[in-house]
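Each remark here refers to the structure printed beneath this line.
Please treat every number below as a calculation from the coordinates, not as lab data. Please read all numbers here as calculations on a predicted model, not as lab measurements.
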């Protein structure tokens, strides 16, 4: 009997996967890079210029202006659609270069997907197919939109969870990946680079916890308020109290050591991170 139920579960999962694949929209680049024109190293310069021009210091994106002037973003998306650490490993000399690619690719693919449906006010405005009414509200954006990386199609949900998290085991990616929402970590105005990745991830993590919306202490009610990111991906951080100690001010650490202070995860804002 146990085997029968196990087989039924496997069949159910397979059917769901087939349904998602059949109903998904593939976000294709306007033009593809020639596959035989392989660069010596993979460059993120085009995306870096996009971030500097269209993202402000609060991490908000000027989608209206970018939609009218998107040539460099389209060219960069064409590059990541053609090349990846999986399709062309020689372009990425170390795991830090690989991870930098996946972070930038995720952020660029997210912006590209937003532009496909812009103007929108929230990611929930990108609805799943009508037959997928039983899927979660945000599945339209994260499940049913597929992007291309090195010739392979994958949605943002699986890119984050099945590839980046599973492969690299790096908790700080949660403060670098940007899902185009107000509740996300701020989108930096620069790209992540393999030779600077350690420093950049540390900087972004410290910035994240320096913002009251992500970490604050309510002394009156003995509550430590946290972004729900720390709850959703708790397994990546281990002991969250210990993890936080590396990134908060010295005077705040005593509250973490006090068991009377309980965690409270604030509501996440899925509104679009537009200027």
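Of the labelled options [x] 158; [y] 168; [z] 237, which one gives volume of the Cα convex hull per residue in Å³ as computed for this structure?
Matching entry in [x] 158; [y] 168; [z] 237: [y].
How much length is gained if the chain between residue 225 and residue 245 is pulled fully straight, taking 0.36 nm per residue apart and subtracting their Cα-Cα distance, in nm to one decimal?
My answer for the length gained is 5.7 nm.
Could you identify which residue out of 129, 185, 29 has the top mean-square fluctuation in a GNM of the chain using Cα springs shorter than 10 Å?
129
Which log10 I(q)/I(0) values, to two decimals, does segment 210-265 give at q = 0.18, 0.21, 0.29 Å⁻¹ under the Debye formula with one point per Cα?
Normalising to I(0) and taking log10 leaves -0.55, -0.77, -1.49.
Given axes a ≥ b ≥ c from the Cα gyration tensor, I'd like to know whether segment 30-165 is rounded (a/c under 1.5), prolate (a/b larger than b/c) or oblate.
Judged from the Cα gyration tensor, segment 30-165 comes out oblate (a/c at least 1.5, b/c at or above a/b).
Based on the alpha-carbon set only, what is the convex hull volume of segment 39-104 divided per residue, in Å³?
87 Å³
What would the Debye formula give as log10 I(q)/I(0) at q = 0.11 Å⁻¹ for the alpha-carbon point model of segment 111-234, no solvent?
For the requested q values the scattering log ratios are -0.47.
Of the residues 94, 122, 130, which exhibits the maximal mean-square fluctuation in a Gaussian network model of the chain defined by a 10 Å Cα contact cut-off?
Result: 130 has the largest fluctuation of those listed.
Compare 75, 145, 212 in a GNM of the chain, Cα atoms joined below 10 Å, and give the one with the largest fluctuation.
Comparing 75, 145, 212 in the GNM, the peak value goes to 212.
Hey, any idea what the orientation-averaged projected area of the convex hull of segment 92-179's Cα atoms comes to, in nm²?
Averaging across all directions leaves 6.4 nm² for the Cα convex hull.
Using 0.36 nm times the number of residues separating residue 206 and residue 127, minus their current alpha carbon distance, what extension gain do you get?
Taking residue 206 through residue 127 to full extension adds about 25.0 nm, to one decimal.
Compute log10 of I(q)/I(0) for segment 136-194 with the Debye formula, placing one identical point scatterer on every Cα and leaving out solvent, at q = 0.16 Å⁻¹, to two decimals.
-0.60
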